[in-house]
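The values are calculated or read from the model by the stated rules, or taken from the named source; none is laboratory data. Note that this is a predicted model, so its numbers are computed, not measured. Heads up, the Cβs are rebuilt from the backbone with ideal geometry, glycines too, and the neighbour counts pull from every protein chain shown. Areas reflect the complete protein model, heavy atoms only, side chains present, ligands, DNA and RNA absent. Shrake-Rupley method; radii C 1.70, N 1.55, O 1.52, S 1.80 Å.
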Amino acid sequence: MQEKGMFNRPAEPHELVPEDYFAEIDLDSCFPREQPLEVDLGCGDGRFVIKMAAHYPERNFLAVERLLGRVRKVCREAKREGLENLRVLRLESLYTLEWLLPEACLDRVHLLCPDPWPKAKHHRRRLFQRPFLEAVVRVLKPGGELLFKTDHTGYFEWSEEHLDDYEGLKRLDWPEGTFFYPKTDFQIQWEAQGKVLHRLRAVKPE
Ligand SMILES: C[S@@+](CC[C@H](N)C(=O)[O-])C[C@H]1O[C@@H](n2cnc3c(N)ncnc32)[C@H](O)[C@@H]1O
């Protein structure tokens, strides 16, 4: 009999609930079609990933989010939109990259408006640092990309420095309008307050 706990919560429609949280996910069994895969880390209310999945039916999307209320919201929206190419995973981002995703399975990793942890004593909690970059390189295919946005100038400069110090990814230009890239909920919120979003794009060399 299954023990009581988070694992026997009924799955939401479109939710990906791994059979084993200590083994790599079998991605073939997660989506109806085998096609390029992108991950949105900390998807929040999911505006970005819903629009991406609708725009690119020929790609699969995995949204990762730790808050149950947000997971439920994204799952409901995905069902309403009939998005068979989108799954939502309720889990911690770095753990997902380091342990659940198979090596070289992703075409793109999106990290959009993550928590900036502005106080110096909290900087070590920032996701964008070497262990994250190593995990990103592990899961990206050669030629795969990391896309990052933040409104927080300090976090952006921190991220640029960590990327410069890391040899596994090469920075690319990302002019406005390079490709379809919808705004996230937080981006809309920050821009309404007059804030400017910084962005960074990097590729895993072939
Ligand atoms: C500032 S919000 C940005 C949400 C969305 N990307 C956007 O731009 O609208 C950060 C989101 O990441 C989630 N989050 C923060 N740390 C996380 C982690 N370590 N693993 C998974 N989700 C995380 C939060 O719950 C929140 O929904």
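Per-structure values
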| item | result |
| --- | --- |
| Tally, over region 158-190, of residues that are in contact (Cβ under 8 Å) with a residue 40 or more places away in the chain, assigned to a helix (DSSP H, G or I) and either in contact with a Pro (Cβ under 6 Å, 6 or more places away or on another chain) or buried (at least 17 other Cβ atoms within 10 Å of the Cβ) (or both) | 4 |
| First in region 133-153 and in contact (Cβ under 8 Å) with a residue 12 or more places away in the chain, second anywhere and open to solvent by 10 Å² or more (accessible area, probe 1.4 Å) and assigned to a helix (DSSP H, G or I), Cβ under 6 Å, 6 or more apart | Ala135/Glu98; Thr150/Phe156; Asp151/Trp190 |
| Cβ-Cβ under 6 Å pairs, at least 6 apart or on other chains, region 49-76 side over 24 Å from Leu140 (Cβ atoms), far side near the ligand (Cβ under 9 Å from one of its atoms) and among the small types (Gly, Ala, Ser) | Arg70/Gly44 |
| Residue satisfying all of: in region 93-129; charged (D, E, K, R) and open to solvent by less than 40 Å² (accessible area, probe 1.4 Å); farthest from Trp158 (Cα to Cα) among these | Arg108 |
| Members of region 71-92 found to be within 12 Å of the ligand (Cβ to nearest atom) and open to solvent by less than 20 Å² (accessible area, probe 1.4 Å), listed by number | Val71, Val74, Val88, Leu89 |
| Members of region 87-120 that are in contact with a His (Cβ under 8 Å, 6 or more places away or on another chain) and within 13 Å of Glu38 (Cα to Cα) | Arg87, Val88 |
| Residues located in region 61-119, provided they are under 11 Å from Glu15 (Cβ atoms), in a helix (DSSP H, G or I) and β-branched (Val, Ile, Thr) | Val71, Val74 |
| Any hit, region 17-24, residues being crowded, with 20+ Cβ neighbours inside 10 Å, at pLDDT 95 or above and under 27 Å from Leu127 (Cα atoms) | no |
| Qualifying residue in region 130-149 (condition: within 13 Å of the ligand (Cβ to nearest atom), assigned to a helix (DSSP H, G or I) and surrounded by fewer than 22 Cβ atoms within 10 Å (Cβ to Cβ)) | yes |
| Every residue from region 191-206 that is under 19 Å from Pro114 (Cα atoms), open to solvent by 50 Å² or more (accessible area, probe 1.4 Å) and part of a loop (DSSP other than H, G, I, E, B) | Gln193, Gly194, Lys195, Val196 |
| Residue in region 44-60 that is within 16 Å of the ligand (Cβ to nearest atom), of a type in the set (Gly, Ala, Ser) and in a loop (DSSP other than H, G, I, E, B) present | yes |
